[in-house]
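Take a look at the structure set out below.
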Amino acid sequence: MMLFDTRSARLAWTGIAVLALSAIFLLWLGTTRLDVRLAAAIYDPAAGGFPLRHAWFAEVLAHQWLKWCMLVLGAGIVILVLRDAWRPLASISAGLRTRLRVVAACSISVPMVVSVLKRMSASHCPWDIVDYGGSAPYVHLLEAMPAGVAAGHCFPAGHATSVLWLVSLCTLWLPSQPRRACIVAIMALLLGSVVGGIQQLRGAHFLSHTLWSMWIACAVTFLWYQWLTRHEAHRQRRAGQV
């Protein structure tokens, strides 16, 4: 138990450090013009738009079909967790039960948190920016929108979260197999970056929008994991004292 507690504490502090440093990096990135340079490289001035905005693989396959597949997968995990909560399945250990609950919670809360933040944000999508055929001015993340300009509600990237909640699958191997958990997390983030990149090709988001969605997915997963595993450990200690 002591080894488990030490390993969990080390992972917790590592997670806090990584999240803090990556947030600082993303805030700095938001002060640069990398977003607009990448969007400008994709934008076609002659056509007056983003060439791949209505491409089938981007608009239908990645934006609709993939989203529905992820919704079905997430719903399946949630149903499994609810079924187990109603009548515990003998094939699921206490540790696995807690981690499945982390995954189920993330499948709902990661898209939800990003959706709420989008409704609160003033940032516009690339295709709404005046430099790319729209009418809104470009402002950095921490800058205020000019007076009289309606909010764009485009930050952070919402569609990428349809797959980014998969980063929570890494918790199935924590804390005993941190390397495997790291590999799973990286694979989920890479998939999310691909989906976010496709949206960038359409002109639907800037790079920073996707990167912040990736950060949020990791942060939400971290918080759920810490809360639910600590709650389970506390419950087991109380049961052992009875």
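Within segment 149-172, which residues are in a loop (DSSP other than H, G, I, E, B) and crowded, with 18+ Cβ neighbours inside 10 Å? Correct list: 152, 154, 155, 156, 157, 158, 159, 160. Checking the structure you have, find out if any residue of segment 54-72 is at pLDDT 90 or above, outside any helix (DSSP H, G or I), surrounded by fewer than 15 Cβ atoms within 10 Å (Cβ to Cβ) and not acidic (Asp, Glu). Checked segment 54-72: at least one residue is at pLDDT 90 or above, outside any helix (DSSP H, G or I), surrounded by fewer than 15 Cβ atoms within 10 Å (Cβ to Cβ) and not acidic (Asp, Glu). Scanning segment 112-148 for residues that are in contact (Cβ under 8 Å) with a residue 24 or more places away in the chain and either farther than 30 Å from residue 74 by Cβ or assigned to a strand (DSSP E or B) (or both) yields 129, 131, 132, 133, 138, 140, 142. Scanning segment 123-136 for residues that are over 26 Å from residue 191 (Cα atoms) and in contact with a His (Cβ under 8 Å, 6 or more places away or on another chain) gives 134, 136. In this structure, is residue 46 open to solvent by 90 Å² or more (accessible area, probe 1.4 Å) and modelled with pLDDT of 90 or more? Answer is yes for this residue. You will find that of 87, 101, 83, the residue that is in contact (Cβ under 8 Å) with a residue 60 or more places away in the chain and either open to solvent by 70 Å² or more (accessible area, probe 1.4 Å) or touching a Gly at 6+ places or on another chain (Cβ under 7 Å) (or both) is 101 and no other.
Taking the criterion of being part of a helix (DSSP H, G or I) and more than 25 Å from residue 218 (Cβ to Cβ), the residues of segment 15-38 that qualify are 36, 37. Only a single item in (1) part of a helix (DSSP H, G or I); (2) surrounded by 13 or more Cβ atoms within 10 Å (Cβ to Cβ) is not met by residue 175, and it is number (1). Taken together, 100, 96 contain a single residue that is in a helix (DSSP H, G or I) and within 23 Å of residue 215 (Cα to Cα), which is 100.
What about residue 85, is it more than 22 Å from the chain's Cα centre (by Cα), at negative phi, at pLDDT below 95 and in a helix (DSSP H, G or I)? Taking the combined requirement at face value, the residue satisfies it.
The values are calculated or read from the model by the stated rules, or taken from the named source; none is laboratory data. Nothing here was measured: the structure is a model prediction, and the numbers come from that model. Every residue, glycine as well, gets a Cβ built from its backbone with ideal geometry; the counts of neighbours run over all protein chains shown. Ligands, DNA and RNA are stripped out before the accessible areas are found, and what is left, the full protein with its side chains, is counted by its heavy atoms. Shrake-Rupley method; radii C 1.70, N 1.55, O 1.52, S 1.80 Å.
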